[in-house]
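Input: a single structure, listed below in structure tokens.
The values are calculated or read from the model by the stated rules, or taken from the named source; none is laboratory data. Quantities reported herein were computed from a predicted structural model and do not represent experimental measurements. Only protein heavy atoms, including side chains, enter the accessible area calculation; ligands, DNA and RNA are left aside. Shrake-Rupley method; radii C 1.70, N 1.55, O 1.52, S 1.80 Å.
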Amino acid sequence: MLAIVLSSPAIAQKAKSPPAPASPILPPSPAPAPAPHHVDLADLLSVAGPFHTFLDYLQKTNVIETFQNQANNTKEGITIFVPKDSAFAALKKTTFANLTQDQLKTLILYHAFPKYYSLAEFNKLSTLNPVPTFAASDYTLNITYNMGTVQVKSMWSNPKISSSVYSTRPVAVYEVDKVLLPMQIFKSDPPLAPAPAPAPDAKASDVAPSPSSGKAASAKAKAEEKNSSYQFSVSIVSYLALAVSGGLMLLW
């Protein structure tokens, strides 16, 4: 019976058929890429200062929007040179008060490159001088790199990068100790602000004696002079007395 059952075609075909293939294991779907991190330049400069003067000019000229768009929406990124408040204070107030709105906007644009540069990249960048700025192709800067010290030269100023405020691609912000002044806007070297007057070391009352103190000093001087004259007179009398006594003794 077993031989008959095994010899039937249906049973034999079923016994010879291969097993059903296993269902393929699909790899897990990748996690969505994180959204790019955008640096808010206004917030950065407001807390990293003192850059209040530069930030004020950025906002008045709407250049902050140009810089922010370059930072957020381009692959090249941006490099910004930010003068400290003391750098603006070192120049006369009329230096910027006499500029037109377009000149002021160009001046602020002059403080940036339309590309991200780390500090290490300035060494290579210095070999490509002059480097065009955001203002225009003819508004250029010359970079010097000397053993890690970077200077950014314009026509009337040669500030150095004193610190890195923020440097993560695509945004680099560097602090400079002077305002960059292009010759296209300033035909001559802008004058510096007058130095503040030094604080007096002592009060007037400490230096100039009052009338009452002058009278007291005069009276004291007269008393001392009178006392000296008296002592001198006593000394002469004593000397004469000793001389007379000595002469009498010799005669005796």
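Laid out as a table, the results:
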quantity	calculated
Apportionment of accessible area to carbon and sulfur, the stretch 41-176, percent (1.4 Å)	50 percent
Cα convex hull of the stretch 41-176 - mean projected area over all directions, nm²	7.8 nm²
Restraint check, 124/187; 92/178; 115/178; 105/160; 93/178, Cα-Cα greater than 19 Å	124/187; 115/178; 105/160
Per residue, in Å², the accessible surface of the stretch 41-176 once ligands and nucleic acids are set aside, probe 1.4 Å	49 Å²
Extension gain, residue 158 back to residue 137 (0.36 nm per residue minus Cα-Cα distance, nm)	5.6 nm
